[in-house]
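Participant: Below you'll find the structure I mean.
The values are calculated or read from the model by the stated rules, or taken from the named source; none is laboratory data. Keep in mind it's a predicted model, so treat the numbers as computed, not measured. Positions of Cβ are generated from backbone atoms using ideal geometry, with glycine treated the same way; all protein chains shown enter the neighbour counts. Surface areas here come from the heavy atoms of the whole protein model, side chains and all, with no ligands, DNA or RNA. Shrake-Rupley method; radii C 1.70, N 1.55, O 1.52, S 1.80 Å.
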Amino acid sequence: MRYQEFTIEGRNAVIEAFRSGKTIDKLFILDGCQDGPIMTIKREAKKQDTLVKFVTKERLDQLSETGKHQGVIAQAAAYEYAQVEDILENARQKGEAPFIFLLDNIEDPHNLGAIIRTANLAGAHGVIIPKNRAAGLTATVAKTSAGALNYTPVAKVTNIGKTIEDLKKEGLWFVCGDMNGEVMYRVNLTGPIGLVIGNEGEGVSRLVKEKCDFTAAIPMKGDIDSLNASVAAGVLAFEIVRQRMA
């Protein structure tokens with residue numbers, strides 16, 4: 001489902017958005033505001049497990065497109081999120097071993113969009129992103145994905161590490177991209193697999209890396225230390241494609 005509206009401003013509009021079932025990625029509320037409508041919005045946000053940020057009036061004014069935010073701005077997802085089960089079902093329907101991207105706190109919406117596009121072209125069955133400290137399915141992500149969001153399910157989870165543990169029970173094993181890992185050509189990347197890509201600056205977090213079965217490094221010869229996250233995702237994904245084809 002495509003959402004026409006991305007930023008929703010004003011108390012009644014935000015309450016209506018929650019009650020109509022829109023997926024709200026992030027909610028910005030004026031810090032210290034405790035009146036009736038704001039308390040209602042907080043309750044609705046809690047029900048939906050929405051990320052809430054309490055901010056200054058200056059920050060709200062910066063985010064506002066209408067100038068009439070009334071102390072609250074919601075950012076709705078541009079697309080509906082899938083469930084992790086939908087991604088596994090996608091693989092089952094195609095009669096293929098699951099191939100899933102898991103993104104550990106990708107913050108740049110252009111990177112997220114590019115990775116979703118790559119996931120689609122590499123034949124991945126879906127993408128999993130974390131709820132906090134990461135880009136959601138914004139209009140920019142939708143645009144950068146070049147239509148891939150229409151075909152590639154994206155699930156949002158509270159904890160990437162816990163999701164890896166759950167998917168291991170489904171028979172998947174996990175490889176994370178890491179400069180200190182084994183050269184990717186020497187790692188067996190066939191079978192049901194989750195490809196874990198880390199944050200633009202810090203890479204895959206220690207807690208997530210510990211849950212992965214392997215680390216794979218892209219051999220690099222240049223004078224700078226790393227590839228852009230979406231480019232690294234593409235290189236690793238198509239090595240997985242090559243090995244699966246072979």
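Participant: At q = 0.23, 0.29 Å⁻¹, what log₁₀ I(q)/I(0) does region 14-75 have when each alpha carbon counts as one equal point scatterer in the Debye sum?
Facilitator: Treating every Cα as an identical point scatterer, log10 I(q)/I(0) equals -0.94, -1.39.
Participant: Let me ask another. Just report the Cα centroid separation between region 191-228 and region 49-127, whole Å.
Facilitator: 20
Participant: Name the shape class, rounded, prolate or oblate, that the alpha-carbon gyration tensor gives for region 90-179, where a ≥ b ≥ c are the square roots of its eigenvalues, rounded holds for a/c under 1.5, and otherwise prolate holds if a/b is larger than b/c and oblate otherwise. All intermediate terms of the calculation are to be shown ahead of the outcome.
Facilitator: Working: a/c = 1.81, a/b = 1.21, b/c = 1.50.
Here region 90-179 falls in the oblate category.
Participant: Let me ask another. With a sphere of radius 13 Å drawn around the Cβ of CYS212, what net charge do the other residues whose Cβ falls strictly inside it have (Lys, Arg +1; Asp, Glu -1)?
Facilitator: Working: positive: LYS168, ARG206, LYS209, LYS211; negative: ASP104, GLU165, ASP178, GLU182, GLU210, ASP213.
Its environment carries a net charge of -2.
Participant: Of the residues ALA76, ALA17, ALA124, which exhibits the maximal mean-square fluctuation in a Gaussian network model of the chain defined by a 10 Å Cα contact cut-off?
Facilitator: The residue that fluctuates most here is ALA17.
Participant: When the chain is fully extended, how far beyond the present Cα-Cα distance does MET39 get from TYR151, taking 0.36 nm per residue of separation? Display every interim value, and only then the final one.
Facilitator: Numbers: separation 112, 0.36 × 112 = 40.32 nm, distance 3.73 nm.
Extending this stretch completely gives an extra 36.6 nm.
Participant: Over the chain, give the accessible area per residue in Å² for a 1.4 Å probe, as an integer.
Facilitator: Details: 12510 Å² over 246 residues.
I get 51 Å² per residue for the chain.
Participant: Still on this structure, please answer the following. Taking a ≥ b ≥ c as the square roots of the eigenvalues of the Cα gyration tensor of region 159-215, is the shape rounded (a/c under 1.5), prolate (a/b larger than b/c) or oblate?
Facilitator: oblate
Participant: Let me check I've understood the local charge: for ASN132, count other residues with C-beta under 14 angstrom from its C-beta, Lys and Arg +1, Asp and Glu -1. What total comes out?
Facilitator: Values: positive: LYS26, LYS53, LYS131, ARG133, LYS156, LYS162; negative: ASP25, ASP49, ASP104, GLU107.
Charge balance in the 14 Å sphere: +2.
Participant: Follow-up question, since we're still on this one. Running a GNM on the chain with Cα contacts under 10 Å, which residue among GLY177, GLY147, GLY36 ends up with the highest mean-square fluctuation?
Facilitator: Largest GNM mean-square fluctuation: GLY36.
Participant: Is the C-alpha gyration tensor of region 144-246 telling us rounded, prolate or oblate? Criteria: a/c under 1.5 is rounded; beyond that, a/b larger than b/c is prolate, otherwise oblate. Mind showing how you got there, number by number?
Facilitator: Details: a/c = 1.26, a/b = 1.18, b/c = 1.06.
It comes out rounded by the Cα gyration axes.
Participant: While we're here: How large is the charge dipole for the chain, taken about the Cα centre, if only the Cβ atoms of Lys, Arg (+1) and Asp, Glu (-1) carry charge, to the nearest 20 debye?
Facilitator: Roughly 420 debye for the chain.
Participant: Does anyone have the angle between helix 84-94 and the longest principal axis of the chain? Alpha-carbon axes, 0 to 90°, nearest 10?
Facilitator: Rounded to the nearest ten degrees, it is 50.
Participant: Another question, then. At a 1.4 Å probe, what is the % contribution of carbon and sulfur to the accessible area of the chain?
Facilitator: Numbers: 6110 of 12510 Å².
Here carbon and sulfur together make up 49 percent of the probe-accessible area.
Participant: So, one more: Have a look at the DSSP beta bridges in the chain and tell me what percent are antiparallel, nearest 5. Don't skip to the end; give the middle numbers.
Facilitator: On the way: 10 of 37 bridges.
Of those bridges, close to 25 percent are antiparallel.
Participant: Right, another one. By the scheme Lys and Arg +1, Asp and Glu -1, what is the net charge of all other residues having a beta-carbon under 11 Å from that of VAL175?
Facilitator: Details: positive: LYS209; negative: ASP178, GLU182, ASP213, GLU239.
Taking every Cβ under 11 Å from that of VAL175, the sum is -3.
Participant: Looking at region 1-90, send over the antiparallel percent of its DSSP beta bridges, to the nearest 5. Numbers along the way, then the final one.
Facilitator: Details: 9 of 14 bridges.
About 65 percent, rounded to the nearest 5.
Participant: Angle check, please: helix 36-48 long axis (alpha carbons) against the longest principal axis of the chain (alpha carbons), in degrees 0 to 90, nearest 10.
Facilitator: For 36-48 against the chain, the angle is about 20 degrees.
Participant: Specify the angular offset, from 0 to 90 degrees and rounded to the nearest 10, of the alpha carbon long axis of helix 229-245 from the longest principal axis of the alpha carbons in the chain.
Facilitator: Once rounded, one gets 40 degrees.
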